[in-house]
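Heads up: the structure comes next, in structure tokens.
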Amino acid sequence: MDNSPTQVIEIVANLDDATGEVIGHAVEALLAAGALDCWTTPIMMKKQRPGVQLSVLIGVDQRDVMARLMIELTGTFGVRFRGWNRVVLDRRHETVTTPFGPVRVKIGSLDGREVVCKVEFDDAAKAAAKHGVPARTVIDAALKGTGDE
């Protein structure tokens, strides 16, 4: 396994008075500050008010800094913590040559065996736009280049 943390913390806040713009900005800012992942989930809050649950996944050592940042960004009155253990694949990046140009792929290995190959979608979309083809066409060509179709 690679050296990514095997223990992580999820910080969660339920928001019923933050605008979509504030929530979107919070997601971007938390990711830019080093969050491993950040997502939102629609929820129903007390008195059947629609709300959003904002979740951020972080390394254990980031807990206090990221909790404070989440509070400042959203105006929430509090956050909750939940610890998780995880398994993370070893990862490497390669660039494959396609008829549409070079495209990066991410390859994940488990115990030395390749188990996942994902095309970097931004590369595929850019090449597709340049050549006037669907992104799926570029993705298929990139996977053929890795022998992982």
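Each reported figure results from applying straightforward, stated rules to the coordinates on display, with no laboratory input. Predicted model, so just to flag it, every value in this text is computed and none were measured. A quick note on method: Cβ atoms are made from the backbone with ideal geometry, for glycine too, and the neighbour counts reach across all protein chains shown.
Couple of notes before you dig in:
- Against the test of being buried (at least 16 other Cβ atoms within 10 Å of the Cβ) and touching a residue at least 40 places away in the same chain (Cβ under 8 Å), the options Val8, Val27 yield a single qualifying residue, Val8.
- Test: residue in the range 59-67 that is in contact (Cβ under 8 Å) with a residue 24 or more places away in the chain, of a type in the set (Gly, Ala, Ser) and surrounded by 11 or more Cβ atoms within 10 Å (Cβ to Cβ): yes
- The combined condition, being of a type in the set (S, T, N, Q) and either over 30 Å from Val115 (Cα atoms) or surrounded by 16 or more Cβ atoms within 10 Å (Cβ to Cβ) (or both), is fulfilled by Gln53.
- Matching strands (runs of 3 or more DSSP E) fully within the range 2-70 where at least 1 residues are touching a Cys at 6+ places or on another chain (Cβ under 9 Å): 50-59
- Filter pass, Ala33 being under 28 Å from Asp17 (Cβ atoms) and surrounded by 15 or more Cβ atoms within 10 Å (Cβ to Cβ): yes
- Residue, nearest to Leu89 (Cα to Cα), within the range 118-149, restricted to residues that are surrounded by 16 or more Cβ atoms within 10 Å (Cβ to Cβ) and among the β-branched types (Val, Ile, Thr): Val119
- Answer residue from the range 77-117, given it is over 20 Å from the mean Cα position of the chain (by Cα) and assigned to a loop (DSSP other than H, G, I, E, B) and is surrounded by the fewest Cβ atoms within 10 Å (Cβ to Cβ) among those: Gly112
- Taking the range 129-143 as the range and being touching a residue at least 24 places away in the same chain (Cβ under 8 Å) and either assigned to a loop (DSSP other than H, G, I, E, B) or more than 23 Å from the chain's Cα centre (by Cα) (or both) as the test, the residues that pass are Lys130, His131, Val133, Thr137, Ala141.
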